[in-house]
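> Got a structure here, written out as structure tokens. Questions coming.
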Amino acid sequence: KAGVTQTPRYLIKTRGQQVTLSCSPISGHRSVSWYQQTPGQGLQFLFEYFSETQRNKGNFPGRFSGRQFSNSRSEMNVSTLELGDSALYLCASSEGQNNEQFFGPGTRLTVL
Amino acid sequence: KNEVEQSPQNLTAQEGEFITINCSYSVGISALHWLQQHPGGGIVSLFMLSSGKKKHGRLIATINIQEKHSSLHITASHPRDSAVYICAVSQVGDMRFGAGTRLTVKP
């Protein structure tokens, strides 16, 4: 089976812009979670989707949003970008809520 | 205080040494995860456990639910084991992470 894929792998934006990141889970996986990794805060949970429904959300402002499609692919959107949003954004997929997670390679976002 | 604490933060070992990384947590969990992250960012799930002990090759993970503590052991360490090892705990649908242990194994 193909692994988790994320696009794009690298992205440069300027403050105030918005960005959409995409995640394609492993075939058959219905749960997709998103994480942000920064040098200062480490890895932090953003949100989790299962069967097109957001089931859990981390402690991030409303500028961070996401959705999941019927084929389990997921997107996350960050609006009104700030310098502090520069990070590695990782998604992970799993069969269900309490199953092993498989991580994608990440999207490295730089906000200038 | 972080909900997930790892020690040590950094660890340097000689090839062949036995390595232990510790993780303590302060919240109720459904499972504990050990992750490996190589330079460049890719994360690999090594173990997911909710009780007892698991072994995969040279890696062993244990968890003590009563003490809220887990250990990751690497036997016969090798330079290719050099990476950041991250402990994470999952509750219902989210995951909380430790700060990671940076392991360097010298030949």
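The values are calculated or read from the model by the stated rules, or taken from the named source; none is laboratory data. Every value quoted in this text rests on a predicted model; they were computed, and no experiment measured them. Positions of Cβ are generated from backbone atoms using ideal geometry, with glycine treated the same way; all protein chains shown enter the neighbour counts. Ligands, DNA and RNA are excluded from the accessible area calculation, which covers all protein heavy atoms including side chains. Shrake-Rupley method; radii C 1.70, N 1.55, O 1.52, S 1.80 Å.
> Would you work out the Kirkwood radius for chain B? I mean one over the mean of 1/r across all pairs of different Cα atoms, in Å.
Kirkwood radius, chain B: 13.8 Å.
> Quick one: net charge around A:Asp85, please, counting Lys, Arg +1 and Asp, Glu -1 for every other residue with C-beta under 11 Å from its C-beta.
Here the count lands on +2.
> Express as a percent, rounded to the nearest 5, the fraction of DSSP beta bridges in chain B (both residues included) that run antiparallel.
Percent antiparallel among DSSP bridges in chain B is about 90.
> Give the average over all directions of the projected area of the C-alpha convex hull of the range A:12-110, one decimal, in nm².
5.9
> Here is a further query. Please work out the FRET efficiency for the pair A:Thr80 and A:Arg55, using the Cβ-Cβ distance as r and a Förster radius of 35 Å; give the result to the nearest 0.05.
It comes to 0.85.
> Under a plain spin-label model, where a point goes 7 Å from the Cα along Cα-to-Cβ, how far apart in nm are B:Arg102 and A:Thr110?
For the pair B:Arg102/A:Thr110, the computed spacing is 2.0 nm.
> May I pose another question? Below 19 Å, Cα to Cα, which lysines can B:Lys54 reach? Residues fewer than 8 away in the same chain don't count.
Here the lysines satisfying the reach criterion relative to B:Lys54 are B:Lys68.
> Separate question: Order B:Val92, B:Val44, A:Val111, most accessible first, counting only protein heavy atoms with a 1.4 angstrom probe.
The most accessible residue leads, giving B:Val92, B:Val44, A:Val111.
> Ratio to report: Rg/Rh of the range A:1-41, with Cα atoms as the point set and Rh obtained by the Kirkwood method; give two decimals.
1.04
> At a threshold of 8 angstrom on Cα-Cα distance, excluding pairs fewer than six apart, so keeping six or more, what relative contact order does chain A reach in percent?
This gives 37 percent for chain A.
> Full-extension gain between B:Ser26 and B:Thr75, please, as 0.36 nm times their residue separation minus the C-alpha to C-alpha distance.
14.9 nm
> So how much slack lies between A:Thr38 and A:Arg73, counting 0.36 nm per residue of separation and subtracting their Cα-Cα distance, in nm?
So the extension gain works out to 10.2 nm.
> Continuing with this model, one more query. Roll a 1.4 Å probe over the protein heavy atoms and report the accessible area of A:Ile12 in Å², nearest 10.
Accessible surface of A:Ile12 is approximately 120 Å².
> Return the aspartates and glutamates within reach of B:Lys106: Cα separation strictly under 14 angstrom, same-chain partners fewer than 8 residues apart disregarded; answer none if there are no such residues.
Counting by Cα, and skipping residues close in sequence, B:Lys106 has these aspartates and glutamates nearby: B:Glu15, B:Glu17, B:Asp81.
> Here's another thing I want to ask about it. Please list B:Ser77, A:Ser79 in order of solvent-accessible area, largest first, computed with a 1.4 Å probe with all protein chains present.
A:Ser79, B:Ser77
> Not counting the cut sites, what is the longest span of chain B without trypsin sites (Lys or Arg not before Pro) that DSSP labels loop and that have at most 15 other Cβ atoms within 10 Å?
The longest such stretch corresponds to B:2-57.
> Further question on the same structure: Binning at 10 Å from 0, report for the protein assembly as shown what percent of all alpha-carbon pair distances ends up in each bin.
In whole percents, the pair-distance histogram is 8, 33, 35, 19, 4, 0.
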